[in-house]
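Heads up: the structure comes next, in structure tokens.
The values are calculated or read from the model by the stated rules, or taken from the named source; none is laboratory data. Owing to the predicted nature of the structure, the values given are computational and were not obtained by experimental measurement. Don't worry about glycine lacking a Cβ; one is built from the backbone with ideal geometry, like all the others, and counts go over all protein chains shown. In case anyone asks, the SASA skips ligands and DNA or RNA and just uses the protein heavy atoms, side chains included. Shrake-Rupley method; radii C 1.70, N 1.55, O 1.52, S 1.80 Å.
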Amino acid sequence: MKLLEYQAKEVLSSLGIATPPGKVARTPDEAATACAELGPVAVKAQVPVGGRGKAGGIKLAKTAEEARRAAEQIIGMDIKGFKVPLVYCETALEIEREIYLGFTVDRDARANILMLSAKGGMDIEQVAEESPESISRLYPNPWRGPLDFELTQLAFDAGLGELVRPLTTMIKRLYRAIPELDAVTAEINPL
């Protein structure tokens, strides 16, 4: 089952991972109300595909009226064959740095794989294609999960050694989705 972003954020929160406050809006008026309550927001199309930002499905809004206009433009638009039924208005954050964190099943290796990169953001697929060495990988033991020393090495391999402690905590929490939620793939991009 693929989750929409707002649903995934609920799952992340249940795993103890902090997420920015946000509200679902099914109409432009609801988006305006959300912005009035939250302050500046990112108005995000909710469809089960990537590339929403490049398709014009994510817009920043500083005021309720800007959020209303953004939702008017986004709701109903087509993104990769999916009609946008609603938006997620999430508190806009100042992004200092974008990191990629994800896990999935490596079908060739027949194992779970954790991936971490200091080059997160919208173009992670391009990063994987053009500079695969910038994505560090770990194949944790499926019975016990990743160990602290393995996560420390993963962080240093990704050039994120200064963030070992918070990353270790975050990765362990995200990895819990495998046994607890029967997840096959999960990613935080950007972290």
With every protein chain in place, the chain: carbon and sulfur % of accessible area (1.4 Å): 53
Relative contact order %, the chain, counting alpha carbon pairs below 8 Å whose residues are six or more apart: 20
Under DSSP loop assignment and at most 10 Cβ neighbours within 10 Å, longest trypsin sites (Lys or Arg not before Pro)-free interval of the chain: 3-106
Karplus (6.51, -1.76, 1.60) ³J(HN,Hα), θ = phi - 60°, over the stretch 100-114, in Hz, Gly and Pro reported as x: 10, 9, x, 9, 7, 9, 8, 5, 5, 7, 6, 8, 5, 10, 9
The stretch 30-44 - phi-based ³J(HN,Hα) in whole Hz, Karplus 6.51/-1.76/1.60, Gly and Pro as x: 5, 5, 5, 5, 4, 5, 4, 7, 9, x, x, 9, 9, 9, 10
Accessible heavy-atom area order of Glu162, Glu98, highest first, probe of 1.4 Å: Glu162, Glu98
Sequence-separation-based contact order of the stretch 89-191, relative, with Cα cut under 8 Å and 6+ spacing, percent: 34
Of Lys119/Lys172; Lys23/Lys83; Lys2/Lys172; Lys9/Lys62; Lys62/Lys172, those spanning more than 26 Å from alpha-carbon to alpha-carbon: Lys62/Lys172
The stretch 56-102, accessible area per residue, ligands and nucleic acids excluded (1.4 Å, Å²): 58
Loop-located GluC sites (Glu not before Pro) in the stretch 1-89 whose Cβ has at most 16 other Cβ within 10 Å (DSSP): none
Loop-located chymotrypsin sites (Phe, Trp or Tyr not before Pro) in the stretch 103-191, at most 13 other Cβ atoms within 10 Å (DSSP): Trp143
J(HN,Hα) series, the stretch 55-61, from Karplus relation 6.51 cos²θ - 1.76 cosθ + 1.60, nearest Hz, glycine and proline x: 7, x, x, 9, 9, 8, 9
Which of Val47, Ile58, Met115, positive extreme of dipole for the stretch 4-131 (C-beta unit charges): Val47
